[in-house]
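So the structure is just underneath, and the comments pick up after that.
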Amino acid sequence: ITAMADEYLDTLTPEIMQGYLSRDGKPVDESVGTLLMRNIYHYWYHTGEAAAVRQMLGHTNLPEFVGDINTAAYRTEAG
């Protein structure tokens with residue numbers, strides 16, 4: 001599944017990210033980029049919940065899922 005997702009994500013261009021998907025022949029309210037970010041944040045939220053439960057159960061050496069976002073390749077000096 002992740003390999004298939006990567007194949008799709010690799011095709012995304014700025015133009016696609018700024019475009020809109022259609023539902024029932026009408027454009028949805030948010031751009032492809034905004035929907036993608038909502039999906040990522042939703043995933044992170046639930047990953048954090050799972051990590052919190054594991055921590056409360058006494059599990060140790062829990063993985064870091066996001067890492068240092070300030071060093072991400074897509075960031076620019078301005079932001």
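Would you call residue 78 of a type in the set (A, V, I, L, M, F, W, C), open to solvent by 60 Å² or more (accessible area, probe 1.4 Å) and at pLDDT below 90? So residue 78 fits the description; yes.
For region 1-33, the set of residues classified as touching a residue at least 12 places away in the same chain (Cβ under 8 Å), part of a strand (DSSP E or B) and of a type in the set (A, V, I, L, M) consists of 21 only. On inspection, residue 36 fails the criterion of being part of a strand (DSSP E or B) and either surrounded by 10 or more Cβ atoms within 10 Å (Cβ to Cβ) or modelled with pLDDT under 85 (or both).
The values are calculated or read from the model by the stated rules, or taken from the named source; none is laboratory data. Quick caveat: nothing in here was measured; it's all calculated off a predicted structure. Reconstructed Cβ throughout: ideal geometry from the backbone, glycine too, with neighbour counts over all protein chains shown. Areas reflect the complete protein model, heavy atoms only, side chains present, ligands, DNA and RNA absent. Shrake-Rupley method; radii C 1.70, N 1.55, O 1.52, S 1.80 Å.
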